[in-house]
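The values are calculated or read from the model by the stated rules, or taken from the named source; none is laboratory data. All of these numbers come straight from a predicted model, not from anything done at the bench. When we count neighbours, we look across all protein chains shown, and the Cβ atoms used for this are built from the backbone with ideal geometry, even at glycine. For the accessible areas, the whole protein counts, side chains as well, though only heavy atoms, and no ligand, DNA or RNA atoms are used. Shrake-Rupley method; radii C 1.70, N 1.55, O 1.52, S 1.80 Å.
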Amino acid sequence: MAGGAFADGATLKRAHLYEYKTTGYFIFSCLVAAMGGSLFGYDLGVSGGVTSMDDFLKKFFPQVYRRKQQHLHETDYCKYDNQILTLFTSSLYFGALIFTFAASHLTRSKGRKASIICGALSFFFGAIINAFAMNVAMLIIGRLLLGVGIGFSNQAVPLYLSEMAPAKTRGRYNQLFQLTTCLGILVANLVNYGTEKIHPWGWRLSLGSATIPAILMGLGALFLPETPNSLVEQGKLEEGRKVLEKVRGTTNVDAEFADLIDASNEAKAIKHPFRNLLTRKNRPQLIIGALGIPMFQQLTGMNSILFYAPVFFQSLGFGSGTSLYSSVITSGALVVGALTSMALVDKYGRRTFFIEASIEMFCYMVALAITLALKFGQGVTLPKAISVFLVIIICLFCFAYGRSWGPLGWLVPSELFPLETRSAGQSIVVCVNMIFTALIAQCFLVSLCHLRYGIFLIFAGLVAFMGSFIFFLLPETKQVPIEEIYLLFQNHWFWKKIVGDGTNDDGLDGKKGQPN
């Protein structure tokens, strides 16, 4: 079966011996760590709303404000086409993609907890600078600091959640990251909806409120335990076992702890984890987890809607308040999608959600493009019925994304990498994700201006391609222990031709790859 082969229980090493209970200590750890998603989500939601506020535009982008007023009574694809304005949004992601590599070193040497704390501190100071910004330079500096915070938190939090969670419920708990991201988007849109009425400084309150999730995560992180995987990796075996017993709620953790020891011993032989990602045994993780999924997560077109939902709705002829209200509705659909995925992904699997939602998202993008081609760009405001239809289509698209590419785009890569390349692999995941996030943020408005409805047909084609990518290349990872994921590729119809039995390598690094 294409893409569907995976290892059965007899092939796995000790998975059937793992024991666990859901403890309060474990729940607390996951909830605090997952606050990292709220940093990412709040920024995704707040930036688009702020850039649509008249007070913000008058102070920093008066040319855009004048153009907006000139087109106040008509729809126009090019109303917000300004590269400095889009740089305000995208600069954060350029900062994140650079500092994720610093986060990788810190995550591996000092642990996941250290990176989470660094992320909270940087995000806090970035929010302060943005709230008190007096010119565009201060805005960009603040955004870069926010990007540093997101680079650290997005690198560490998915790893933390995947390593802390038992194999059978890993999908559910890892997706707390996506749930808090969606909740951050929703809260940001609600804040924007309220502050838009506060003149002339409401936008400062929107940007400054980003300090709240940063404070909550930073203070909570001080009480977090380090993951057992990281403690073992650092040579703190006794402490690692104690934490494992505490989060699993049982002292019978011999099998799981033995797997952690084995993985750690292999990891210690790797002097250059980034180089080791290039070996044949890690080729599937590199192509699927580090490059494919994080790239495709952004090429769905979802983030173009998240960044610029208020701007996009205003371009369609919605009033300022109505556009922000419509953004609240779409972000609510994301939250419902994330909750749906959390409840069902460990039952139905990752592949099912990826493939089914890709089909839906393709249909919605085509419907959006056709509607805009027939009814939009004629210099008149869209009829109310058409506007409502577009909001419904966008909400359905958000719901499909919210239960598939949104949460699984972080869950699946965090599952795939072996311990020796896990922090390095996650850094590439974040880097690739941020590169394409920044490109979408920087290019969407100019693409909307010049390609018009055609941009959504391009997104539809990309969604069709990425659904096929998953169907053929991703094995099902549900309920497979994270230290035994590599066995799936040894039994996959395509990847087994490349990785073989896992003993081959390219002489790049590791025990068998070190030059004689």
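Some observations on this one:
- Failed item in (1) more than 19 Å from A114 (Cα to Cα); (2) in contact (Cβ under 8 Å) with a residue 40 or more places away in the chain; (3) surrounded by fewer than 20 Cβ atoms within 10 Å (Cβ to Cβ); (4) not hydroxyl-bearing (S, T, Y), with L222 passing the rest: (1)
- Looking across region 398-442, the residues that are open to solvent by less than 10 Å² (accessible area, probe 1.4 Å) and β-branched (V, I, T) come down to V412, T421, V429, V430, T437.
- Where G349 falls short, out of the listed (1) at pLDDT 90 or above; (2) of a type in the set (G, A, S); (3) under 18 Å from the mean Cα position of the chain (by Cα): (3)
- Positions within region 112-143 being of a type outside the set (D, E, K, R), under 30 Å from E420 (Cα atoms) and surrounded by fewer than 24 Cβ atoms within 10 Å (Cβ to Cβ), in sequence order: A114, I117, L121
- All of (1) open to solvent by 10 Å² or more (accessible area, probe 1.4 Å); (2) at pLDDT below 90 hold for Q155 with one exception: (1).
- Scanning region 225-249 for residues that are touching a residue at least 60 places away in the same chain (Cβ under 8 Å) and surrounded by fewer than 19 Cβ atoms within 10 Å (Cβ to Cβ) gives Q234, K246, G249.
- Residue selected from region 460-478 under the condition over 19 Å from the mean Cα position of the chain (by Cα) and of a type in the set (G, A, S), by the criterion farthest from C398 (Cα to Cα): S468
- Region 397-421, residues that are of a type outside the set (A, V, I, L, M, F, W, C) and touching a Pro at 6+ places or on another chain (Cβ under 8 Å): G409, P413, S414, E420, T421
- Tabulated pairs, region 45-59, first in contact (Cβ under 8 Å) with a residue 24 or more places away in the chain, second open to solvent by 10 Å² or more (accessible area, probe 1.4 Å) and not in a helix (DSSP H, G or I), C-beta under 6 angstrom, 6+ apart or interchain: M53/E196; D55/H199; D55/P200
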